[in-house]
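The values are calculated or read from the model by the stated rules, or taken from the named source; none is laboratory data. Not measured: the values here are computed from a predicted model. Cβ coordinates were reconstructed from backbone atoms using ideal geometry, including for glycine residues, and neighbour counts include every protein chain displayed.
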Amino acid sequence: MNNSTNRISEFLGNESNNLLWQYVQSMNPETVAQLSKPGSGEVLQVMERNIIGLLGGLPSEHFDVTITTSREHLGRLLASAMMSGYFLRNAEQRLQFERVLQSSESGKIDAE
């Protein structure tokens with residue numbers, strides 16, 4: 001095996017033991033696409049700001065930015081972005097739920 005093949009194998013790991021990877025591979029592509037999209041433009045903006053904050057905020061139109069990292073650090077960045085995404089999605093759902101509750105409660109008060 002040459003050096004680049006070793007790196008690819010190292011990056012992918014032992015796929016047969018990675019249950020998360022197996023689960024993602026078994027998902028319908030439309031489901032993966034739907035889960036990957038933020039629910040609103042506000043969430044997308046917060047995620048972009050979060051990732052820019054993690055990577056650094058130099059504007060790419062004025063700077064030739066190159067980021068070099070290790071596999072471990074890239075994995076941590078991905079995990080951080082995923083956790084932020086889950087948090088923001090849950091917060092967005094809660095906000096929508098509270099708005100529905102408030103509107104239904106105000107409808108009950110008006111009906112009385």
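Data overview
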quantity: Residue among Glu42, Glu105, Glu98 that is touching an Asp or Glu at 6+ places or on another chain (Cβ under 8 Å), surrounded by 10 or more Cβ atoms within 10 Å (Cβ to Cβ) and either farther than 27 Å from Leu20 by Cβ or outside the structural domain of Leu20 (by TED's automatic domain parsing) (or both); calculated: Glu42
quantity: Odd one out for Lys108 among (1) assigned to a helix (DSSP H, G or I); (2) at pLDDT 80 or above; calculated: (2)
quantity: Residue in segment 39-53 that is at pLDDT below 80 and outside any helix (DSSP H, G or I) present; calculated: yes
quantity: The listed residue being modelled with pLDDT of 80 or more and in a loop (DSSP other than H, G, I, E, B), out of Thr69, Thr31; calculated: Thr69
